[in-house]
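*Asks:* Below you will find the structure I want to go over with you.
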Amino acid sequence: MISYRIDIADAHAHLFRVTLTVPAPSTQQRLSLPVWIPGSYLVREFARHLSAIEAKQGTHAVPLTQIDKSTWQAETSGRSPLVVSYLVYAFDTSVRTAFLDARRAFFNGTSLCLQVEGREDEPHRMELKTLPRGWQVATAMPAVKVDAAGKGVYEAASYDEFVDHPVEIGTFWRGRFKAQGVPHEFVIAGVLPDFDGERLIADAQRICEAAISFWHEKDKPPFERYVFMLNAADDGYGGLEHRASTALIAARRDLPQKGKSETSDAYVTLLGLISHEYFHTWNVKRLKPREFEPYDYTRENYTQLLWFFEGFTSYYDDLLLLRAKLIDEARYLKLVSKTISGVLGLPGRKVQSVAQASFDAWVKYYRTDENTPNATISYYTKGALVALALDLTLRSGKGSLDDVMRNLWARSGGGPIIEADIRAALREVGGRSLDDKLTAWVHGTDDLPLVPLLERFGVQWQAQAPTMAQRLGVRVSESPLTGVKVSHVLRGGAAERAGVSTGDELLAVDGWRIRRLDDAQRLMKPGTPAALLLARDQRVLTLPLTWPKDGAERGTVALAPNAKPLQAAAALRKAWFSG
């Protein structure tokens, strides 16, 4: 059995000590550290944090040769256990890697634990025994023998399963509940004294109940226990899904407070994150792209299906909040409006299909720059709108996207799928082929026909006037100290035509000093050129800028239930919202 002992070498230096034991190693045993973590599609080069690696068999040193950036080869003799020891630097507060200081520890196995090549399918053990006084352990990895604090031995069936169980260690708040009879646990590091844990537990329970009911009419979920691990920080937001747990980070000010019953937008966003990562337990951790079976931890794993696995999950995360009665219809439609407006505000939607965006995730999604809005589209947001369009299309005739998701689960046995499976499920549920729509919406770059689809459900589409930034085609940051600074220039906008560039500081319009971009609105007339004074690379320039007369496409939309919908539309909307 492959085993790892994980110790805190020096909390102040943020160093873990990992001791790997390989019984009966091969004569040229290769060991490698993953370059990425499933769910986050970027090569992150975890091996850059590994140091002081050495190997022994008994008391004899074993030669180690580094083969490439993340692979080592041990020249062993005999079949006695190979013991490899090394340090890992851990000071990344994100959910993707590892962190260690004097108050808290967290890690994903992909950041700490070398893979023993050729032995990946054997059971893997983790030993956590030497921890600071008062610290506890939280993980969904099955325990072999642990004490009340969680210190001890854990075991997983394979390397894949082993690294799919993140570990939270420290002094944290802990709450428990059951959803459909299955034990769930919530651990949170860094909460404030006025944190309302009872409310978060109650709300999380409703989300989990809704998700389990969505996927299973009678069966139990595909896990025996589930753990939410939340790092409450001064700032931050994100999550990463795992087979029986999720790692989350959120601003502690966004957590519910005792004595305050209102539901802030920030708290709704947190509940949406919880819903999103929990839904992933089915959609991407088990139902997954065939290209991910098995994972190759040494390189990029390309797929064109992230629009389905991330986008459809993004569609359901807020919809399940509505079905769990954590938000009302008006708030749900406001969230949908935000997604639609965000997609319509990206010139890149006309350049890149959502299938291409999925494939390019490794080089584009996580490596944003000033040209990103002009060249790319998000497979999260555009994928969510594809899901919305398909759901409304199906519900206007036969079936629903809910039925399609469950069909795919049954069809695949909760396993790998390809796009042809999605097309077949749509055809089976809808009673007709939707291939032409899927091809156009997923592989094309035209806007989705959301206006007529929403109207069938008694939902009004209201175009709103664009902001000054949207009219000019820029994104800016504003502050009393730095003034108005351009962060992005959008393709085809007035600012681009005038010659404005990223990094420019906008100073004045027609001789009038501006400290906010909206100040320019009072100084310009639509269709009339104005003199824009800006600073660029220590030079002061004057550019002719014309405020366009229209620009509604760059505005936002507001969705609202029709006050007096037709009876058929009202019935369709009720079924959509209630599931």
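The values are calculated or read from the model by the stated rules, or taken from the named source; none is laboratory data. Keep in mind it's a predicted model, so treat the numbers as computed, not measured. With ideal geometry, Cβ positions are generated from the backbone for all residues, glycine too; neighbour counts draw on all protein chains shown. These accessible areas exclude ligands, DNA and RNA; they are computed on the full protein's heavy atoms, side chains included. Shrake-Rupley method; radii C 1.70, N 1.55, O 1.52, S 1.80 Å.
*Asks:* Looking only at region 281-296, filter to residues that are open to solvent by 40 Å² or more (accessible area, probe 1.4 Å) and assigned to a helix (DSSP H, G or I); which one of those is farthest from Pro222 (Cα to Cα)?
*Replies:* From region 281-296, those open to solvent by 40 Å² or more (accessible area, probe 1.4 Å) are 286, 290-291, 293-294, 296; that's our starting set.
Narrowing further to those that are assigned to a helix (DSSP H, G or I): 290-291.
Details: Arg290: 19, Glu291: 22 Å.
Step by step, filter region 281-296, then rank; the result is Glu291.
*Asks:* Does Ala531 satisfy the condition of being closer than 24 Å to Gly458 by Cβ and part of a strand (DSSP E or B)?
*Replies:* On the way: closer than 24 Å to Gly458 by Cβ: no; part of a strand (DSSP E or B): yes.
It is false that Ala531 is closer than 24 Å to Gly458 by Cβ and part of a strand (DSSP E or B).
*Asks:* Same structure, new question: Name the residue, out of Arg133, Arg176, Arg119, that is of a type outside the set (S, T, N, Q), open to solvent by 10 Å² or more (accessible area, probe 1.4 Å), free of Cβ contacts under 8 Å to residues at least 40 places away in the same chain and in a loop (DSSP other than H, G, I, E, B).
*Replies:* Arg133
*Asks:* Just the residues that are assigned to a strand (DSSP E or B), open to solvent by less than 60 Å² (accessible area, probe 1.4 Å) and of a type in the set (Ser, Thr, Tyr), please, taken from region 54-79.
*Replies:* Of everything in region 54-79, just one residue is assigned to a strand (DSSP E or B), open to solvent by less than 60 Å² (accessible area, probe 1.4 Å) and of a type in the set (Ser, Thr, Tyr), namely Thr71.
*Asks:* Could I ask something else about it? Are any residues in region 454-471 open to solvent by 10 Å² or more (accessible area, probe 1.4 Å) and in contact with a Phe, Trp or Tyr (Cβ under 8 Å, 6 or more places away or on another chain), and if so, which ones?
*Replies:* Matches in region 454-471: Glu455, Arg471.
*Asks:* Among the candidates Arg427, Arg432, Arg456, which residue alone is basic (Lys, Arg), over 16 Å from Leu344 (Cβ atoms) and without any contact (Cβ under 8 Å) to a residue 24 or more places away in the chain?
*Replies:* Arg427
*Asks:* Please determine, by comparing only the residues of region 423-445 that are assigned to a helix (DSSP H, G or I) and among the β-branched types (Val, Ile, Thr), which one is farthest from Tyr379 (Cα to Cα).
*Replies:* Val429
*Asks:* Before we move on, is Leu326 in contact with a Ser or Thr (Cβ under 9 Å, 6 or more places away or on another chain), touching a residue at least 12 places away in the same chain (Cβ under 8 Å) and open to solvent by 20 Å² or more (accessible area, probe 1.4 Å)?
*Replies:* Yes: the conditions hold for Leu326.
*Asks:* If you don't mind, another one. Looking at the structure I just gave you, is Ala440 surrounded by 14 or more Cβ atoms within 10 Å (Cβ to Cβ) and not polar (S, T, N, Q)?
*Replies:* The answer is yes for Ala440.
*Asks:* Look through region 482-514, keep the residues that are open to solvent by 40 Å² or more (accessible area, probe 1.4 Å) and part of a loop (DSSP other than H, G, I, E, B), and return whichever of them is nearest to Ala375 (Cα to Cα).
*Replies:* Arg491
*Asks:* Taking the conditions exactly as written (closer than 24 Å to Gln115 by Cα, outside any loop (DSSP other than H, G, I, E, B) and aliphatic (A, V, I, L, M)), does Val153 satisfy them or not? Spell out how you get there, then give the answer.
*Replies:* Values: closer than 24 Å to Gln115 by Cα: yes; outside any loop (DSSP other than H, G, I, E, B): yes; aliphatic (A, V, I, L, M): yes.
Spelling it out, Val153 is indeed closer than 24 Å to Gln115 by Cα, outside any loop (DSSP other than H, G, I, E, B) and aliphatic (A, V, I, L, M).
*Asks:* Of all residues in region 527-548, which are modelled with pLDDT under 95, over 26 Å from Gly348 (Cβ atoms) and either under 40 Å from the mean Cα position of the chain (by Cα) or open to solvent by less than 70 Å² (accessible area, probe 1.4 Å) (or both)?
*Replies:* Gly527, Thr528
*Asks:* Test Arg331 against the stated conditions and say whether it is of a type outside the set (Gly, Ala, Ser), open to solvent by 10 Å² or more (accessible area, probe 1.4 Å) and farther than 30 Å from Asp265 by Cβ.
*Replies:* The answer is no for Arg331.
*Asks:* Related question: Of the conditions (1) open to solvent by less than 10 Å² (accessible area, probe 1.4 Å); (2) closer than 30 Å to Glu117 by Cα, Tyr278 fails just one. Which one is it?
*Replies:* (2)
*Asks:* Do you know which residues across region 155-164 are open to solvent by 10 Å² or more (accessible area, probe 1.4 Å) and touching a strand residue (DSSP E or B) at 6+ places or on another chain (Cβ under 9 Å)?
*Replies:* Glu155, Ala157, Ser158, Glu161, Asp164
*Asks:* Does Ser275 fit the bill of being closer than 25 Å to Cys208 by Cα, in contact (Cβ under 8 Å) with a residue 60 or more places away in the chain, of a type outside the set (D, E, K, R) and in contact with a Leu (Cβ under 6 Å, 6 or more places away or on another chain)?
*Replies:* Criteria met by Ser275.
*Asks:* Criterion first (surrounded by fewer than 20 Cβ atoms within 10 Å (Cβ to Cβ), more than 25 Å from the chain's Cα centre (by Cα) and within 30 Å of Pro526 (Cα to Cα)) does Asp446 satisfy it? Let's see the steps before the verdict.
*Replies:* Values: surrounded by fewer than 20 Cβ atoms within 10 Å (Cβ to Cβ): yes; more than 25 Å from the chain's Cα centre (by Cα): yes; within 30 Å of Pro526 (Cα to Cα): yes.
Yes: the conditions hold for Asp446.
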